Amino acid sequence: MSRIAIFVGHARKDTYCEALGEAYRRGAEAGGHQATLFVTSKMVFDPILHEGFAKIQPLEPDLQAAHEAIIAADHLVFIFPLWLGTLPAIFKGFLERVLQPDLVEPSKKGKYVKFLKGKSARVIMTMGMPGFIYRWYFGAFALRMLKRNILGFVGVSPVRATIHGMIEAVSQDKRQSWLAKAESLGRNAG
């Protein structure tokens with residue numbers, strides 16, 4: 001059994017990204033895993049890290065719960081839409097805030113501890129463009145940034161990715177198959 005923390009980084013409620021998160025959670029629980037789902041649009045927190053990493057900004061209760069889930073988890077899942085070539089601002093702010101308590105003191109000393117070493121992750125992205133265009137022409141920038149500059153920086157490895165392109169244009173059957181895939185990934189904690 002794995003402990004899984006699932007994060008949906010979206011500004012709106014009741015989105016397809018949230019449905020993917022719910023599907024992953026259902027699959028994980030059906031597979032005997034302990035899974036917790038966090039949806040940024042339903043959380044109450046200030047997404048701005050006002051002092052940068054100069055001092056710890058106290059975490060609101062929703063962020064404290066998410067932070068504790070990250071620390072306790074064996075596997076992390078990040079689900080978000082591609083907006084303006086990267087993560088939605090609310091999700092980037094969430095990550096900056098929820099990771100900062102563990103980064104402030106080491107950053108003052110110029111040392112960065114891989115405090116999430118031993119954890120794996122799955123990134124599920126949705127986008128309006130075809131996934132192969134995103135990977136080939138745009139170099140999967142947001143995905144690479146999240147994998148290397150955020151998750152890799154704090155020690156998460158391996159990080160696997162699923163990209164769902166043409167999200168507005170695909171059929172309902174295709175959307176259902178993607179939900180089934182998310183559920184299968186959850187069942188296998190993959």
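No lab work stands behind these numbers, since they all come straight from the coordinates. Please read all numbers here as calculations on a predicted model, not as lab measurements. Cβ atoms come from the backbone with ideal geometry, glycine included; neighbour counts cover every protein chain shown.
Remarks
- Mean-position separation - Cα centroids, the range 23-59 and the range 85-117, in angstrom: 13 Å
- Listed residues 70, 150, 163, most fluctuating in the chain (Gaussian network, C-alpha, under 10 Å): 150
- Annotation: amide H-H contacts under 5 Å for residue 10 (H modelled 1.01 Å from N, sequence separation of 5 or more, or interchain): 40, 41.
- Reachable lysines, given that their alpha-carbon falls under 17 Å from the alpha-carbon of residue 111 and they are not under 8 places away in the same chain: 55
- Helical mean residue ellipticity (222 nm; -39500 (n - 2.57) per DSSP H run of 4+; nearest 500) of the chain: -12000 deg cm²/dmol
- Hits among aspartates and glutamates - C-alpha to C-alpha of residue 181 under 16 Å, sequence gap 8 or more where chains match: 18, 22, 29, 173
- Taking every DSSP bridge with both residues inside the range 3-187, close to 5 percent are antiparallel.
- The label-point distance for residue 11 and residue 148, in a model that sets each label 7 Å from Cα toward Cβ, rounds to 2.8 nm.
- Using C-alpha pairs below 8 Å separated by at least 6 residues, the relative contact order for the chain is 30 percent.
- Put a dot 7 Å past the Cα of residue 89, heading toward its Cβ, do the same for residue 107, and the two dots end up 1.9 nm apart.
- The range 67-173: Rg to Rh, with Rh as the Kirkwood radius over Cα pairs: 1.02
- Options (i) 16.1, 52; (ii) 16.3, 50; (iii) 21.1, 75 - which one matches Rg and Dmax of the Cα atoms in Å as calculated here: (i)
- Value of D in µm² per second that Stokes-Einstein yields for the range 39-110, Kirkwood Rh from Cα pairs, at 4 °C (1.567 mPa s): 99 µm²/s
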